[in-house]
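To keep things clear, I will list the structure first and then write my remarks on it.
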Amino acid sequence: MAMEKVYRKLQNKWQAKTAFGYHDKLKRFGFADTVEYERAKDEYHLKNANFQILEITAPQFIPELQKAIAEGKETVFFVHPEKLMAWIGSDPFNEAYCKENDIPAFLVRYAGGTIVTGVEDVAIGLLTRRITTRKHFAEILHEFIKQDIPNAKLVENDILVDGYKVFGIGYKSFGDLHLATYQVTVKAYPEEIRNICLKEMKKEPKGLTDFGSFDKTKFLNKVRSWLR
């Protein structure tokens, strides 16, 4: 990284940049290419940026997120629903049904659809200054899920098992801080999803426990340990 800083100072000095041999130097440090190097920087940031770690309930998430943004603190949120509820992104939802059935709906307004979740599930939020760490962290979570569910596949912003979505990512930026929300669906709620989400349900939803033995506590302990 110190070598890269020297290289970046040669921004408008084309001959000097060429002579510097940035890519050759990366290879001497053991990186096959810039993609591998950037991934290593993502991991370095996640492990060394002094993230605050918060274990919170769903109603605490938005106030704690606002506080972290105001204080400029990079944060990892572990969010535990206390009852059936919905996270609201950029899609419309059945607000009347939620009110009639005492289902809390939290307006996060990330770029993504409505998520119906309950006490069996967990959401993880990553508030970071390095925007590319959002994707790398998803890859780390995917690797831990695969240890219990080997055929789980990370496809763009989702994790799929046999074509069923069991994990979704939402994104939103706040100036130089960037939020990723990772929804881990341990148990699905088909009836509630059908009533709350206004998008047509293409197939019956499923959770991780529909595909094998998935231990949420063990999974979260692995994530916490990796971040230390």
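Since every read-out is calculated from the coordinates, none of them should be taken as a lab result. The model shown is predicted, which means the values in this text are computed figures rather than measured ones. Cβ atoms come from the backbone with ideal geometry, glycine included; neighbour counts cover every protein chain shown.
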Of Arg28, Arg228, how do they rank once you tally other Cβ atoms within 10 Å and put the fewest first?
Arg228, Arg28
Length released on extending from Glu100 to Leu10, taking residue separation times 0.36 nm less the Cα-Cα span:
26.2 nm
Under the rule of at least 5 residues apart or a separate chain, name every residue whose amide H is placed under 5 Å from the amide H of Val122.
Val184, Val186
Got a sec to turn the phi values of the stretch 112-123 into Karplus ³J(HN,Hα) couplings, 6.51 cos²θ - 1.76 cosθ + 1.60 with θ = phi - 60°, whole Hz, x for Gly and Pro?
x, x, 5, 10, 9, 9, x, 5, 6, 8, 8, 10
So what is the 222 nm mean residue ellipticity for the chain from helices alone, if each DSSP H run of at least 4 adds -39500 (n - 2.57) and you divide by all residues, rounding to the nearest 500 deg cm²/dmol?
-12000 deg cm²/dmol
Calculate one ³J(HN,Hα) per residue across the stretch 146-160 by plugging θ = phi - 60° into the Karplus curve 6.51 cos²θ - 1.76 cosθ + 1.60, and present them in order as whole Hz with x for glycine and proline.
4, 5, 9, 10, x, 8, 5, 10, 8, 10, 6, 9, 10, 10, 10
Selection from Thr75, Ile145, Phe219 lying farthest towards where the dipole of the chain points positive, charges on Cβ
Thr75
Quick one: which residues, 5+ away or cross-chain, put their amide H under 5 Å from the amide H of Ile131? H built at 1.01 Å from N.
none
Need the full-extension length gain, Lys83 to Arg109, defined as separation in residues times 0.36 nm minus the C-alpha distance. One decimal, nm.
7.3 nm
For Val186, what charge total do you get from the other residues with a beta carbon under 10 Å from its beta carbon, if Lys and Arg give +1 and Asp and Glu give -1?
-2
Two-decimal Rg to Rh for the stretch 2-46 - Kirkwood Rh, Cα set:
1.01
Would you kindly derive the ³J(HN,Hα) couplings of the stretch 74-91 from the backbone phi angles with the Karplus curve 6.51 cos²θ - 1.76 cosθ + 1.60 (θ = phi - 60°), listing them in order in whole Hz, with x for Gly and Pro?
5, 9, 10, 9, 9, 10, 10, x, 9, 6, 4, 7, 9, 8, 10, x, 9, 8
Most to least packed among 86-95, 214-223 [average Cβ atoms within 10 Å]
86-95, 214-223
How big is the equivalent ellipsoid of the stretch 53-227 along its three axes, where each semi-axis is √(5λ) from the Cα gyration tensor, reported in whole Å from largest to smallest?
23, 21, 15
Over what distance in Å are the Cα centres of the stretch 27-64 and the stretch 155-228 separated?
19
If packing is taken as the mean number of other Cβ atoms within 10 Å per residue, what is the order of 1-11, 40-50, highest first?
40-50, 1-11
Which residues does the label zone of Glu139 cover in the stretch 37-56, counting backbone N under 16 Å from a point 7 Å along Cα→Cβ?
37-47
Against the longest alpha carbon principal axis of the chain, how many degrees, from 0 to 90 and to the nearest 10, is the axis of helix 58-71 turned?
30
Straight-line reach from Lys5: which lysines have Cα under 25 Å away, leaving out those fewer than 8 places along the same chain?
Lys13, Lys17, Lys25, Lys27, Lys41, Lys47, Lys73, Lys135
For Lys73, distant residues with modelled amide H under 5 Å away
none
